[in-house]
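To start, the structure itself, in structure tokens.
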Amino acid sequence: MTPSIPASRAALDATDLARAAVFAALIAVLGLPGSFPLFGGVPITAQTLGVMLAGAVLGPVVGAASVGTFLALVAVGLPLLAGGRGGLAVFAGPTAGYLVGWLVGAVVVGLIVHAGGRRPVWWRTVAGLLIGGVLVVYACGIPVQSLVLRLPLEQAALANLAFVPGDIVKVVVATLVIGALVRGYPRAFRRTWAPRASTRAGDDAPTRTAAPA
Ligand SMILES: O=C(O)CCCC[C@@H]1SC[C@@H]2NC(=O)N[C@@H]21
């Protein structure tokens, strides 16, 4: 039987929106150290760490709302991208696909980390961050970078290898942060938007059952 989302969770409430806003702000703050420009017009940036955390803490729906809010603010011209960039032009530039990838990636991270409505465990967190926070972002970003810069796809993909070490570090940092939150502040995960699918107790138990509102 397909479990359904309770009617009371049919829409985002004020708390969800506040949580989304906090993580949108976190993504913006992670842009403050600036960016490291590389060949191909795509910089190394710490903002992807914020995207990973948004999906992993908030889950797919609120995580997407968070990244979507951040991107909307960038689109209306706020200089929130690393290096102080913003405006509609960035959505036509070489990083446009990565920005879309941040949105899709946060959803995928949330879906994997919170699969079945369960609280995060380390291996699902690592898998979610690697697949959603790295592979999905690259899969959206590389083809657009290649199109915009008229680079052969393989050359764009090769240039992306430069991001891998930094992105692996972000996965490790995000995993440690999520682990610390699960142990020290499990309420952070209690509102994860996912149907209740298991009744097992312990760390893998349904998020909302483990720590009721
Ligand atoms: O600032 C922008 O316009 C978006 C930057 C996108 C950067 C991509 S995201 C994946 C990879 N990891 C990084 O640190 N940089 C690239």
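Key figures for this structure:
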read-out: Under-5 Å amide H pairs with ILE44, H placed in peptide plane, nonlocal only; value: PHE36, LEU38
read-out: Folded to 0 to 90 degrees: helix 14-29 orientation relative to the chain principal axis, Cα; value: 30 degrees
read-out: Normalised contact order of the stretch 1-111, rounded percent, pairs of Cα under 8 Å and 6 or more residues apart; value: 30 percent
read-out: Principal-axis tilt of helix 164-184 within the chain, Cα atoms, nearest 10 degrees; value: 20 degrees
read-out: For the chain, size of Cβ-based charge dipole, Lys and Arg +1, Asp and Glu -1, in debye; value: 600 debye
read-out: Exposed-site-free run, longest, the chain (rule: trypsin sites (Lys or Arg not before Pro); DSSP loop; at most 16 other C-beta within 10 Å); value: 1-149
read-out: With Cα atoms, 0 to 90° folded angle of helix 137-148 axis to the chain main axis; value: 20 degrees
read-out: MRE, 222 nm, helices only [DSSP H, n ≥ 4, -39500 (n - 2.57), over the chain, to nearest 500]; value: -17500 deg cm²/dmol
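Coordinate-derived values only; no laboratory data. Predicted, not measured: the structure shown is a model, and the values here were computed from it. When we count neighbours, we look across all protein chains shown, and the Cβ atoms used for this are built from the backbone with ideal geometry, even at glycine.
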